[in-house]
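Report on the structure given below.
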Amino acid sequence: MLQGSIGISAMHMQVLRNDKVIMFDRTDFGASRVPLSGGRCRSDSYDAALKVDCTAHSVLYDIATNTIRPLTIQSDTWCSSGAVLPNGTLVQTGGFNDGQRSLRMFSPCSDKSCDWIEFAGYLSQRRWYATNQILPDGRIIIMGGRKQFNYEFYPTTRTPPTELYFLQETNDQNENNLYPFVHLLPDGNLFIFANTRSVLFDYTHNRVVKEFPSIPGGDPRNYPSSGSSVLLPIDENRVNVEVEILVCGGAPRGALEGVIRRDNFMKAISSCGRIKVTDKNPSWVMEKMPMARVMGDILILPTGEIIIINGAEYGTAGWERARQPVLKPVIFRPSEPTHSRWRFTVMSPASRPRLYHSSAVLLKDGRILVGGSNPHVFYNFTAVEYPTDLSLEAFSPPYLNPAFDSMRPTITHIRSSTLRYKFHAYITFMVQNYTSQSEVSVRLVAPSFSTHSYGMNQRMVVLKLVGVMRVYGNNTYYATVMGPSKKEIAPSGYYFLFVVHSGVPSFGTWVQVV
């Protein structure tokens, strides 16, 4: 436990390049538990709860000092989306009510002067439950949202949005295609998953290049079914780069009606589907998780393993619509043989349920920061089965066990904190019990924008390792790697860089890919 209360429920999270985490919920909850500083207040005649609100609905969390600073948001950010520009500025889009067409920006600063800047009416359409993806040219594509079967870009060209019929086709009676899973692929196209279907989409020409097979089982995976998805690590050491997508969990078809009409909480989905989109004829490989899970967050660990954390075993996303929180995180090892007993490992349980409106992000030191849970309307702390949770916790994966310290590399120097495409980069690290070059890898991780069980823009790139040599004779080593091969592999921007030795990662350091 890091903080018993940060004053808001961490519905949305993004780690910034200065090791601060920006968090926010929504403005129409009523008064939060953290006052705005300096006597500031937010006046909003459209607000459904408070027309004048002198409390904050966004905070900036300082990882190093474990402290928060309240921030000011004017328009409603409920169920919105975000992506980070190459310069490190968070662009945050949409929401509800007066925030549905708003665009907001937050640029990290070294003092306490930075705050949200808002542009009301910037978006061409209302974006509620939409998805943002950074593109190779530095633009952001903003896709979908409730009753929006189209997409637009930031910066805008002030043209009408472009229709995407795939989103309309995947919209069922309960929607189940909100917060579509969008992943940028090395060929420059987008993988889009909605409901049970997925396509390869060329956004530059607005055409579906290929439709992949539907995920087996026929159950939806997007909001409100709320499974999760991740692009598995891209390894530039391979002659032919392979690209795989993982989709796990969710609620079965009919789960929403079961809760609403019959107070019947159906068991969540226990399967994960994995598809290698670079195959000539891709197909899904299905595996069973140790337990069923809806509203689970999927994150890439520095080792390339996958953690699945938060969520519930019964019900679906939404207020009061889930039961039996799943407290135990699971670690999935993609490199283990399919159906191996080592494929999934169940971890120790968390102390707090994390249900609807919870979130999780990877930190530079390898921990997972977990917050939020607002499974009912408003800040409600009494007379409910699962109260609103304002706390922050950190989960420490097994690789942080001190027993591995002798194998843990420590980055001591990077010749430049700027990595250039196809140029050599040089990293000096120390490790007490060095094994061999074959056990060393250097990895970039793009921190994700986390909300509603989906980490937008999350990706890992394993850099091409040229060689490792020992220097100075004091457990110090010098690794030479190649910068990413192209922007489609790693869009320009800020990344965590980790050195991994014998399955044990270093603490990360920030680098900018340009």
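The accessible area of Ser5, taken with all protein chains in place and a 1.4 Å probe, comes to roughly 60 Å².
May I ask for the net charge around Gly138, where only other residues with Cβ less than 13 Å from the Cβ of Gly138 are counted and Lys, Arg are +1 while Asp, Glu are -1? Taking every other residue near Gly138 into account, the sum is 0. Entry comment: accessible area of the chain is 37 Å² per residue, from protein heavy atoms only and a probe of 1.4 Å. Comparing region 18-60 with the 2.2 N^0.38 Å rule of thumb, its C-alpha radius of gyration ratio is 1.21 (two decimals). Accessible surface of the chain, 1.4 Å probe: 51 percent of it comes from carbon and sulfur atoms. Applying both filters, DSSP loop and at most 10 other Cβ atoms within 10 Å, to the trypsin sites (Lys or Arg not before Pro) of region 78-147 gives Lys112. Per residue, the Cα convex hull of region 106-192 amounts to 132 Å³. Dipole size of region 167-293 about its Cα centre, with +1 on Lys/Arg Cβ and -1 on Asp/Glu Cβ: approximately 360 debye, rounded to the nearest 20. The heavy atoms of Thr196 offer some 20 square angstrom of accessible surface to a 1.4 angstrom probe. Spin-label model, Thr345/Lys112: points 7 Å from Cα along the beta carbon direction are separated by 4.2 nm. For region 380-514, the percent of C-alpha pairs falling in each 5 Å distance bin, counted from 0 to the bin holding the largest distance, reads 2, 9, 17, 19, 16, 13, 9, 5, 4, 3, 2, 1, 0.
Enumerate the residues in region 363-378 having an amide nitrogen under 20 Å from the point lying 7 Å beyond the Cα of Ile260 toward its Cβ. Counting only backbone N, you get 375-378. Annotation: peptides 45-52, 390-397, ranked by per-residue average of other Cβ atoms within 10 Å with the highest first, follow the order 390-397, 45-52. Give the residue from Trp116, Asn97, Tyr129 lying farthest towards the positive end of the charge dipole for region 45-133; charges sit on Cβ (+1 for Lys and Arg, -1 for Asp and Glu) and the dipole is referred to the Cα centre. Positive-most Cα among the choices belongs to Tyr129.
In angstrom, the C-alpha Rg and Dmax of the chain are 21.8, 71. Database note for the chain: Cys without another Cys beta carbon under 4.7 angstrom, Cys79. Volume per residue for region 219-322 equals 94 cubic angstrom (convex hull of Cα atoms). Computed packing ranks the peptides 349-361, 64-76 as 349-361, 64-76, most packed first, by mean other Cβ atoms within 10 Å.
List the trypsin sites (Lys or Arg not before Pro) in region 200-261 that DSSP assigns to loop (not H, G, I, E or B) and whose Cβ has at most 13 other Cβ atoms within 10 Å. Which are they? Listed in order of number, the matching sites are Arg238. Annotation: extensible slack from Asp202 through Gln168 equals 10.5 nm (criterion: 0.36 nm per residue apart, minus Cα-Cα distance). DSSP bridge analysis restricted to the chain gives an antiparallel fraction near 95%, rounded to the nearest 5. The modelled label-to-label distance for the pair Tyr426/Tyr122, using points 7 Å beyond Cα in the direction of Cβ, is 4.1 nm. Rolling a 1.4 Å probe over the protein chains gives Glu169 an accessible area of about 110 Å². The Cα-based radius of gyration of region 319-441, divided by its Kirkwood radius, gives an Rg/Rh of 1.09.
Each Lys and Arg adds +1 at its Cβ and each Asp and Glu adds -1 at its Cβ; summed about the Cα centre, the chain shows a dipole of about 580 debye. In region 71-185, the DSSP beta bridges split such that about 100 percent are antiparallel, to the nearest 5. Assign one of three labels to region 365-432, namely rounded, prolate or oblate, based on the Cα gyration tensor with a ≥ b ≥ c the square roots of its eigenvalues; rounded applies when a/c is under 1.5, prolate when it is not and a/b is larger than b/c, and oblate otherwise. It comes out oblate by the Cα gyration axes.
The values are calculated or read from the model by the stated rules, or taken from the named source; none is laboratory data. Only a predicted model underlies this, so the values are computations on that prediction, with no experimental measurement involved. Neighbour counts are summed over all protein chains in view; Cβ atoms, including those assigned to glycine, are modelled from backbone coordinates with ideal geometry. Each accessible area value is taken on the protein alone, full model and side chains, heavy atoms only, with ligands, DNA and RNA left out. Shrake-Rupley method; radii C 1.70, N 1.55, O 1.52, S 1.80 Å.
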